[in-house]
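The structure under discussion appears below in the form of C-alpha coordinates.
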Amino acid sequence: MSEIDLNLNIDPIMPERKDFRIGCIGSGFIMRDCHLAAYRDAGFNPVAIASRTYENAKAAAELRNIPKVHRTWEDLVDDSEIEILDIAVPPDRQLEVVQRAVTRQHIKGILCQKPLAMNSREAREIVELCEGAGIKIGVNSNMRYDQSIRALKTILGRGYLGEPVLATIEMRAIPHWQEFLKKYENIEILNMGIHHIDAFRYLFGDPEKITALTRRDPRTVFKHIDGISQYTFQYASELMATSLDDVWAWPGEGTEQDIYIKWRVIGLDGMAQGTIGWPKYPEKTPSTLEFTTKQSPGRWYRPEWDKVWFPDAFQGTMAQLLRAVETDSEPEIGGRDNLHTMAAVDACYMSIAENRTVAFSELTNQFQ
(Lines give C-alpha, C1' and ligand atoms only; values in the text may rest on other atoms or scores of the structure.)
Protein backbone atom coordinates (compact mmCIF):
# COMPACT_ATOMS: atom_id res chain seq x y z
CA MET A 1 0.00 0.00 0.00
CA SER A 2 1.41 3.37 -1.05
CA GLU A 3 1.33 6.48 1.08
CA ILE A 4 -1.29 8.93 -0.23
CA ASP A 5 -0.29 12.58 0.09
CA LEU A 6 -3.31 14.80 0.78
CA ASN A 7 -1.36 18.02 0.24
CA LEU A 8 -3.00 18.58 -3.14
CA ASN A 9 -1.56 21.99 -4.07
CA ILE A 10 -4.86 23.86 -4.14
CA ASP A 11 -3.31 27.23 -3.32
CA PRO A 12 -1.83 29.43 -6.04
CA ILE A 13 1.84 30.34 -5.94
CA MET A 14 2.10 33.98 -4.94
CA PRO A 15 4.50 36.53 -6.42
CA GLU A 16 7.31 37.73 -4.22
CA ARG A 17 6.25 41.28 -5.00
CA LYS A 18 2.61 41.99 -4.20
CA ASP A 19 2.66 45.76 -4.60
CA PHE A 20 2.40 45.94 -8.40
CA ARG A 21 0.05 48.85 -9.05
CA ILE A 22 -3.16 47.47 -10.56
CA GLY A 23 -5.66 49.52 -12.56
CA CYS A 24 -9.12 47.99 -12.79
CA ILE A 25 -11.56 48.50 -15.67
CA GLY A 26 -15.13 47.57 -14.82
CA SER A 27 -17.14 47.81 -11.62
CA GLY A 28 -19.79 45.12 -12.01
CA PHE A 29 -20.22 42.01 -9.87
CA ILE A 30 -17.13 40.17 -11.11
CA MET A 31 -14.81 43.10 -10.45
CA ARG A 32 -16.50 44.50 -7.34
CA ASP A 33 -17.25 41.26 -5.47
CA CYS A 34 -14.72 38.78 -6.89
CA HIS A 35 -11.54 40.42 -8.21
CA LEU A 36 -11.31 43.16 -5.61
CA ALA A 37 -12.40 41.01 -2.67
CA ALA A 38 -9.80 38.38 -3.61
CA TYR A 39 -7.06 40.98 -4.13
CA ARG A 40 -7.71 42.43 -0.68
CA ASP A 41 -7.34 39.00 0.93
CA ALA A 42 -4.17 38.26 -1.07
CA GLY A 43 -2.55 41.61 -0.25
CA PHE A 44 -2.46 42.85 -3.86
CA ASN A 45 -2.46 46.55 -4.70
CA PRO A 46 -5.35 47.90 -6.83
CA VAL A 47 -4.77 51.65 -7.00
CA ALA A 48 -7.31 52.89 -9.57
CA ILE A 49 -10.63 51.96 -11.13
CA ALA A 50 -12.79 53.13 -14.03
CA SER A 51 -16.05 51.92 -15.48
CA ARG A 52 -18.67 52.74 -18.10
CA THR A 53 -20.50 54.66 -15.36
CA TYR A 54 -18.43 56.90 -13.11
CA GLU A 55 -20.88 56.59 -10.22
CA ASN A 56 -20.60 52.79 -10.25
CA ALA A 57 -16.81 52.97 -10.30
CA LYS A 58 -16.86 55.42 -7.40
CA ALA A 59 -19.14 53.15 -5.36
CA ALA A 60 -16.86 50.16 -5.96
CA ALA A 61 -13.82 52.23 -5.02
CA GLU A 62 -15.42 53.28 -1.75
CA LEU A 63 -16.46 49.71 -0.96
CA ARG A 64 -13.00 48.24 -1.67
CA ASN A 65 -10.81 51.17 -0.57
CA ILE A 66 -9.35 52.04 -3.96
CA PRO A 67 -7.79 55.51 -3.83
CA LYS A 68 -8.31 56.74 -7.41
CA VAL A 69 -11.38 56.79 -9.66
CA HIS A 70 -10.97 57.76 -13.30
CA ARG A 71 -13.77 59.25 -15.37
CA THR A 72 -13.13 56.93 -18.31
CA TRP A 73 -11.27 53.70 -18.96
CA GLU A 74 -9.11 55.59 -21.46
CA ASP A 75 -7.93 57.90 -18.66
CA LEU A 76 -7.07 54.90 -16.53
CA VAL A 77 -5.06 53.24 -19.30
CA ASP A 78 -3.16 56.51 -19.79
CA ASP A 79 -2.34 56.79 -16.07
CA SER A 80 1.43 56.28 -15.90
CA GLU A 81 1.13 54.98 -12.33
CA ILE A 82 -0.57 51.79 -13.56
CA GLU A 83 1.67 48.73 -14.07
CA ILE A 84 -0.94 45.98 -14.38
CA LEU A 85 -4.24 46.32 -16.20
CA ASP A 86 -7.17 44.24 -14.92
CA ILE A 87 -10.02 44.16 -17.47
CA ALA A 88 -13.59 43.09 -16.68
CA VAL A 89 -15.65 44.30 -19.63
CA PRO A 90 -17.88 42.42 -22.11
CA PRO A 91 -15.88 40.27 -24.54
CA ASP A 92 -16.77 42.36 -27.58
CA ARG A 93 -15.17 45.42 -25.89
CA GLN A 94 -11.94 43.81 -24.73
CA LEU A 95 -10.02 44.23 -27.99
CA GLU A 96 -10.37 48.03 -28.07
CA VAL A 97 -9.05 48.27 -24.50
CA VAL A 98 -6.03 46.15 -25.37
CA GLN A 99 -5.40 48.14 -28.56
CA ARG A 100 -4.92 51.29 -26.50
CA ALA A 101 -3.10 49.60 -23.62
CA VAL A 102 -0.32 48.11 -25.75
CA THR A 103 0.75 51.60 -26.81
CA ARG A 104 1.42 52.61 -23.19
CA GLN A 105 4.93 51.77 -22.03
CA HIS A 106 4.06 51.83 -18.34
CA ILE A 107 1.80 48.75 -18.63
CA LYS A 108 3.69 45.51 -17.95
CA GLY A 109 0.87 43.00 -17.78
CA ILE A 110 -2.79 42.65 -18.73
CA LEU A 111 -5.33 40.30 -17.18
CA CYS A 112 -8.14 39.80 -19.67
CA GLN A 113 -11.56 38.49 -18.77
CA LYS A 114 -12.83 35.24 -20.20
CA PRO A 115 -13.94 34.77 -22.88
CA LEU A 116 -10.91 36.50 -24.34
CA ALA A 117 -13.00 37.62 -27.32
CA MET A 118 -16.10 36.71 -29.30
CA ASN A 119 -14.14 34.30 -31.49
CA SER A 120 -10.66 32.93 -32.16
CA ARG A 121 -9.79 35.57 -34.75
CA GLU A 122 -10.28 38.48 -32.34
CA ALA A 123 -8.62 36.54 -29.54
CA ARG A 124 -5.55 35.97 -31.68
CA GLU A 125 -5.36 39.70 -32.44
CA ILE A 126 -5.38 40.49 -28.71
CA VAL A 127 -2.61 37.97 -28.03
CA GLU A 128 -0.43 39.18 -30.90
CA LEU A 129 -0.85 42.80 -29.88
CA CYS A 130 0.39 42.02 -26.36
CA GLU A 131 3.23 39.82 -27.57
CA GLY A 132 4.32 42.51 -30.03
CA ALA A 133 4.42 45.08 -27.24
CA GLY A 134 6.27 42.80 -24.82
CA ILE A 135 3.33 42.85 -22.39
CA LYS A 136 2.44 39.72 -20.42
CA ILE A 137 -1.15 38.63 -21.02
CA GLY A 138 -3.11 36.36 -18.69
CA VAL A 139 -6.70 35.21 -18.99
CA ASN A 140 -9.16 34.97 -16.11
CA SER A 141 -10.08 31.31 -16.67
CA ASN A 142 -10.75 31.07 -12.96
CA MET A 143 -12.14 27.51 -12.79
CA ARG A 144 -8.50 26.41 -13.06
CA TYR A 145 -8.19 27.83 -9.56
CA ASP A 146 -11.31 26.21 -8.14
CA GLN A 147 -9.92 24.17 -5.26
CA SER A 148 -11.41 20.83 -6.37
CA ILE A 149 -10.17 21.23 -9.95
CA ARG A 150 -6.64 22.07 -8.80
CA ALA A 151 -6.69 19.11 -6.42
CA LEU A 152 -7.87 16.87 -9.26
CA LYS A 153 -4.99 18.10 -11.42
CA THR A 154 -2.57 17.04 -8.67
CA ILE A 155 -4.23 13.64 -8.28
CA LEU A 156 -3.98 13.00 -12.00
CA GLY A 157 -0.35 14.13 -12.05
CA ARG A 158 0.57 11.71 -9.25
CA GLY A 159 -1.02 8.80 -11.09
CA TYR A 160 -3.54 7.97 -8.37
CA LEU A 161 -6.20 7.34 -11.02
CA GLY A 162 -3.98 5.75 -13.64
CA GLU A 163 -4.80 6.37 -17.29
CA PRO A 164 -8.02 8.44 -17.49
CA VAL A 165 -10.87 6.72 -19.34
CA LEU A 166 -13.92 8.93 -18.83
CA ALA A 167 -14.38 12.46 -17.44
CA THR A 168 -17.75 14.14 -16.97
CA ILE A 169 -19.11 17.46 -15.79
CA GLU A 170 -22.82 17.82 -15.08
CA MET A 171 -24.10 21.33 -14.45
CA ARG A 172 -27.66 21.82 -13.26
CA ALA A 173 -27.58 25.50 -12.46
CA ILE A 174 -29.13 28.76 -13.61
CA PRO A 175 -26.57 31.45 -14.46
CA HIS A 176 -27.52 35.09 -14.40
CA TRP A 177 -27.16 36.18 -18.01
CA GLN A 178 -25.77 39.71 -17.91
CA GLU A 179 -27.52 42.38 -19.93
CA PHE A 180 -24.70 42.62 -22.48
CA LEU A 181 -25.25 38.98 -23.48
CA LYS A 182 -28.69 39.75 -24.86
CA LYS A 183 -27.18 41.15 -28.05
CA TYR A 184 -25.27 37.93 -28.73
CA GLU A 185 -26.60 34.64 -30.06
CA ASN A 186 -23.75 32.58 -28.59
CA ILE A 187 -24.32 32.54 -24.86
CA GLU A 188 -23.94 29.28 -22.90
CA ILE A 189 -20.85 27.67 -24.40
CA LEU A 190 -19.02 30.98 -24.90
CA ASN A 191 -19.77 32.38 -21.45
CA MET A 192 -20.43 29.49 -19.03
CA GLY A 193 -19.40 26.30 -20.80
CA ILE A 194 -16.02 27.87 -21.51
CA HIS A 195 -15.14 27.18 -17.86
CA HIS A 196 -15.65 23.45 -18.40
CA ILE A 197 -13.94 23.49 -21.79
CA ASP A 198 -10.89 25.21 -20.31
CA ALA A 199 -10.91 22.84 -17.32
CA PHE A 200 -10.80 19.83 -19.66
CA ARG A 201 -7.81 21.37 -21.44
CA TYR A 202 -6.12 22.14 -18.10
CA LEU A 203 -6.61 18.57 -16.91
CA PHE A 204 -6.09 16.56 -20.08
CA GLY A 205 -4.67 18.79 -22.81
CA ASP A 206 -6.05 19.38 -26.29
CA PRO A 207 -8.51 16.87 -27.76
CA GLU A 208 -8.43 15.33 -31.21
CA LYS A 209 -12.14 15.74 -31.92
CA ILE A 210 -15.10 17.70 -30.56
CA THR A 211 -18.81 17.01 -30.93
CA ALA A 212 -21.49 19.37 -29.62
CA LEU A 213 -25.28 19.51 -29.46
CA THR A 214 -27.58 22.15 -28.06
CA ARG A 215 -31.15 23.40 -27.79
CA ARG A 216 -32.73 26.63 -26.69
CA ASP A 217 -33.32 27.28 -23.00
CA PRO A 218 -37.09 27.84 -22.51
CA ARG A 219 -36.39 30.35 -19.74
CA THR A 220 -34.08 32.51 -21.87
CA VAL A 221 -36.42 34.67 -23.92
CA PHE A 222 -33.87 36.59 -25.99
CA LYS A 223 -32.59 35.00 -29.22
CA HIS A 224 -29.82 32.48 -28.69
CA ILE A 225 -28.21 29.46 -30.34
CA ASP A 226 -27.07 27.54 -27.27
CA GLY A 227 -29.11 27.20 -24.10
CA ILE A 228 -28.85 23.62 -22.86
CA SER A 229 -25.58 22.27 -24.26
CA GLN A 230 -23.68 19.00 -24.41
CA TYR A 231 -20.18 18.67 -25.84
CA THR A 232 -17.68 15.83 -25.89
CA PHE A 233 -13.90 15.93 -26.27
CA GLN A 234 -12.28 12.81 -27.72
CA TYR A 235 -8.55 12.24 -27.17
CA ALA A 236 -5.87 10.20 -28.91
CA SER A 237 -5.78 7.92 -25.85
CA GLU A 238 -9.54 7.21 -26.31
CA LEU A 239 -10.33 9.30 -23.24
CA MET A 240 -13.76 10.92 -23.49
CA ALA A 241 -14.45 14.15 -21.60
CA THR A 242 -18.03 15.34 -21.79
CA SER A 243 -20.07 18.10 -20.18
CA LEU A 244 -23.82 18.59 -19.92
CA ASP A 245 -24.65 22.23 -19.18
CA ASP A 246 -28.29 22.46 -18.15
CA VAL A 247 -29.23 26.08 -17.53
CA TRP A 248 -32.93 25.17 -17.59
CA ALA A 249 -32.34 23.11 -14.43
CA TRP A 250 -35.61 24.01 -12.72
CA PRO A 251 -39.06 24.29 -14.36
CA GLY A 252 -40.16 27.00 -11.93
CA GLU A 253 -42.57 27.71 -9.09
CA GLY A 254 -44.49 24.67 -7.89
CA THR A 255 -41.56 22.29 -8.32
CA GLU A 256 -38.56 21.56 -6.13
CA GLN A 257 -35.06 22.68 -7.08
CA ASP A 258 -32.01 20.42 -7.35
CA ILE A 259 -29.19 22.76 -8.35
CA TYR A 260 -25.57 21.60 -8.55
CA ILE A 261 -22.36 21.19 -10.54
CA LYS A 262 -20.78 17.75 -10.29
CA TRP A 263 -17.70 16.27 -11.92
CA ARG A 264 -16.24 12.77 -12.08
CA VAL A 265 -13.08 11.21 -13.54
CA ILE A 266 -12.57 7.44 -13.81
CA GLY A 267 -9.19 5.95 -14.62
CA LEU A 268 -7.78 2.46 -14.89
CA ASP A 269 -6.51 2.66 -11.29
CA GLY A 270 -9.00 4.87 -9.47
CA MET A 271 -11.88 7.30 -9.46
CA ALA A 272 -12.34 10.88 -8.29
CA GLN A 273 -15.52 12.90 -8.04
CA GLY A 274 -16.56 16.20 -6.61
CA THR A 275 -18.83 19.21 -6.63
CA ILE A 276 -18.37 22.90 -7.41
CA GLY A 277 -19.78 25.14 -4.69
CA TRP A 278 -20.64 28.08 -6.96
CA PRO A 279 -24.41 27.49 -7.41
CA LYS A 280 -24.97 28.38 -3.73
CA TYR A 281 -23.14 31.73 -3.96
CA PRO A 282 -23.15 34.04 -1.99
CA GLU A 283 -23.39 31.33 0.67
CA LYS A 284 -19.80 30.27 1.30
CA THR A 285 -19.79 26.70 0.03
CA PRO A 286 -16.42 25.05 -0.62
CA SER A 287 -16.11 22.73 -3.58
CA THR A 288 -15.61 19.08 -2.64
CA LEU A 289 -13.54 16.12 -3.75
CA GLU A 290 -13.30 12.45 -2.91
CA PHE A 291 -11.15 9.81 -4.54
CA THR A 292 -10.27 6.14 -4.30
CA THR A 293 -7.20 4.47 -5.76
CA LYS A 294 -5.68 1.01 -6.19
CA GLN A 295 -2.53 2.45 -4.60
CA SER A 296 -4.39 2.37 -1.27
CA PRO A 297 -7.24 -0.13 -1.65
CA GLY A 298 -10.46 -0.18 0.29
CA ARG A 299 -10.98 3.45 1.23
CA TRP A 300 -12.08 6.88 0.07
CA TYR A 301 -9.99 9.99 0.65
CA ARG A 302 -11.96 13.16 1.33
CA PRO A 303 -9.73 16.21 1.83
CA GLU A 304 -11.43 19.40 2.98
CA TRP A 305 -10.72 23.12 2.76
CA ASP A 306 -12.52 26.32 3.72
CA LYS A 307 -11.74 28.30 0.55
CA VAL A 308 -14.30 28.73 -2.24
CA TRP A 309 -14.28 29.24 -6.01
CA PHE A 310 -15.94 32.69 -5.82
CA PRO A 311 -14.05 34.84 -4.85
CA ASP A 312 -10.92 32.99 -3.68
CA ALA A 313 -9.96 31.59 -7.10
CA PHE A 314 -9.45 35.14 -8.37
CA GLN A 315 -6.32 35.39 -6.24
CA GLY A 316 -4.80 32.75 -8.47
CA THR A 317 -5.64 34.35 -11.79
CA MET A 318 -3.97 37.61 -10.80
CA ALA A 319 -1.08 35.88 -8.99
CA GLN A 320 -0.11 33.91 -12.10
CA LEU A 321 0.09 37.13 -14.13
CA LEU A 322 2.10 38.99 -11.48
CA ARG A 323 4.57 36.10 -11.25
CA ALA A 324 4.97 36.13 -15.02
CA VAL A 325 5.77 39.86 -14.95
CA GLU A 326 8.08 39.36 -11.98
CA THR A 327 10.04 36.48 -13.53
CA ASP A 328 9.70 37.39 -17.24
CA SER A 329 7.95 34.09 -17.94
CA GLU A 330 4.72 32.94 -19.57
CA PRO A 331 1.63 33.11 -17.31
CA GLU A 332 0.07 29.80 -16.31
CA ILE A 333 -3.08 30.87 -18.15
CA GLY A 334 -1.36 32.82 -20.88
CA GLY A 335 -3.04 34.32 -23.91
CA ARG A 336 -1.26 31.98 -26.33
CA ASP A 337 -2.54 28.93 -24.44
CA ASN A 338 -6.01 30.42 -24.21
CA LEU A 339 -6.24 30.58 -27.99
CA HIS A 340 -6.71 26.81 -27.84
CA THR A 341 -9.60 27.20 -25.42
CA MET A 342 -11.17 29.73 -27.79
CA ALA A 343 -10.58 27.31 -30.67
CA ALA A 344 -12.40 24.60 -28.70
CA VAL A 345 -15.35 26.97 -28.21
CA ASP A 346 -15.38 27.72 -31.94
CA ALA A 347 -15.22 23.98 -32.65
CA CYS A 348 -18.33 23.46 -30.53
CA TYR A 349 -20.25 26.08 -32.51
CA MET A 350 -18.96 24.62 -35.79
CA SER A 351 -20.13 21.17 -34.71
CA ILE A 352 -23.58 22.56 -33.88
CA ALA A 353 -23.90 24.55 -37.10
CA GLU A 354 -22.66 21.77 -39.38
CA ASN A 355 -24.11 18.82 -37.44
CA ARG A 356 -20.84 16.91 -37.36
CA THR A 357 -17.81 15.99 -35.31
CA VAL A 358 -15.01 18.54 -35.79
CA ALA A 359 -11.32 17.71 -35.83
CA PHE A 360 -9.62 20.10 -33.43
CA SER A 361 -6.82 20.64 -35.96
CA GLU A 362 -9.35 22.38 -38.22
CA LEU A 363 -9.33 25.24 -35.74
CA THR A 364 -5.77 25.14 -34.41
CA ASN A 365 -3.91 24.99 -37.73
CA GLN A 366 -4.34 28.76 -37.87
CA PHE A 367 -2.03 29.10 -34.84
CA GLN A 368 0.90 27.29 -36.47
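Which one is nearest to R93 (Cα to Cα) among residues in segment 124-137 that are in contact with a Gly (Cβ under 8 Å, 6 or more places away or on another chain) and not basic (K, R)?
The selected residue is I126.
Of the conditions (1) touching a Gly at 6+ places or on another chain (Cβ under 8 Å); (2) under 18 Å from N338 (Cα atoms); (3) of a type in the set (A, V, I, L, M), A199 clears all except one; give me its number.
Every listed condition holds for A199 apart from (1).
At negative phi, surrounded by fewer than 23 Cβ atoms within 10 Å (Cβ to Cβ) and touching a helix residue (DSSP H, G or I) at 6+ places or on another chain (Cβ under 6 Å), is that true of T357?
no
Here is a list: D75, D86, D79. Which entry is closer than 21 Å to A324 by Cβ and either buried (at least 17 other Cβ atoms within 10 Å of the Cβ) or of a type outside the set (V, I, T) (or both)?
Just a single option satisfies the conditions, and that option is D86.
Looking only at segment 252-290, which residues are buried (at least 19 other Cβ atoms within 10 Å of the Cβ) and over 19 Å from R144 (Cβ atoms)?
G267, G270
Which residues, counting only those in segment 252-272, are within 14 Å of L166 (Cβ to Cβ), of a type outside the set (A, V, I, L, M) and not in a strand (DSSP E or B)?
D269 - this is the single residue of segment 252-272 that is within 14 Å of L166 (Cβ to Cβ), of a type outside the set (A, V, I, L, M) and not in a strand (DSSP E or B).
Give the residues of segment 264-302 that are under 16 Å from N7 (Cα atoms) and of a type in the set (F, W, Y), sorted by residue number.
F291, W300, Y301
Has segment 67-86 got any residue that is charged (D, E, K, R) and closer than 29 Å to M192 by Cβ?
yes
Residues checked against (1) more than 27 Å from T288 (Cα to Cα); (2) in contact (Cβ under 8 Å) with a residue 12 or more places away in the chain; (3) not β-branched (V, I, T):
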position: A212; (1), (2), (3): yes, yes, yes
position: I225; (1), (2), (3): yes, yes, no
position: L239; (1), (2), (3): no, yes, yes
position: E256; (1), (2), (3): no, no, yes
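Condition check ((1) under 19 Å from R144 (Cβ atoms); (2) in contact with a Ser or Thr (Cβ under 6 Å, 6 or more places away or on another chain); (3) at pLDDT 95 or above) across all residues:
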{"site": "M318", "(1), (2), (3)": "yes, no, yes"}
{"site": "L321", "(1), (2), (3)": "yes, no, yes"}
{"site": "E330", "(1), (2), (3)": "yes, no, yes"}
{"site": "D346", "(1), (2), (3)": "no, yes, yes"}
{"site": "E354", "(1), (2), (3)": "no, no, yes"}
{"site": "T357", "(1), (2), (3)": "no, yes, yes"}
{"site": "F360", "(1), (2), (3)": "no, no, yes"}
{"site": "T364", "(1), (2), (3)": "no, no, no"}
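Can you go through A57, A48, A37, A123 and tell me which one is touching a strand residue (DSSP E or B) at 6+ places or on another chain (Cβ under 6 Å) and part of a helix (DSSP H, G or I)?
A57
Exactly one of these conditions fails for D258: (1) farther than 27 Å from P91 by Cα; (2) modelled with pLDDT under 95; (3) within 20 Å of the chain's Cα centre (by Cα). Give me its number.
(3)
Looking only at segment 174-232, how many residues end up being among the small types (G, A, S) and over 30 Å from S361 (Cβ atoms)?
Number satisfying all stated conditions: 0.
Quick one: is Q147 touching a strand residue (DSSP E or B) at 6+ places or on another chain (Cβ under 6 Å) and closer than 24 Å to I266 by Cβ?
no
If T168 satisfies every condition in (1) touching a Phe, Trp or Tyr at 6+ places or on another chain (Cβ under 7 Å); (2) crowded, with 21+ Cβ neighbours inside 10 Å; (3) of a type in the set (V, I, T) but one, which is the exception?
(2)
Any residue in segment 93-104 that is assigned by TED's automatic domain parsing to the domain that holds T72 sitting within a Cβ distance under 6 Å of a residue that is surrounded by fewer than 21 Cβ atoms within 10 Å (Cβ to Cβ) and part of a helix (DSSP H, G or I)? List the pairs, counting only those 6 or more apart or interchain.
Listed by first residue and then by second, the contacts come to L95/E122; V98/L129; V102/L129; V102/A133.
Give K262, K294, K280 a once-over and let me know the one that is among the charged types (D, E, K, R) and over 16 Å from P175 (Cα atoms).
K294
Which one is farthest from M143 (Cα to Cα), of the residues in segment 171-195 that are of a type in the set (D, E, K, R) and surrounded by fewer than 18 Cβ atoms within 10 Å (Cβ to Cβ)?
Ranking the candidates gives K183 first.
I'd like to check something: does segment 275-284 contain any residue that is in a loop (DSSP other than H, G, I, E, B), on the phi < 0 side of the Ramachandran plot and over 23 Å from the mean Cα position of the chain (by Cα)?
Within segment 275-284, none of the residues are in a loop (DSSP other than H, G, I, E, B), on the phi < 0 side of the Ramachandran plot and over 23 Å from the mean Cα position of the chain (by Cα).
The values are calculated or read from the model by the stated rules, or taken from the named source; none is laboratory data. Quantities reported herein were computed from a predicted structural model and do not represent experimental measurements. FYI the Cβ positions are ideal-geometry reconstructions off the backbone, even for glycines, and counts take in every protein chain you see.
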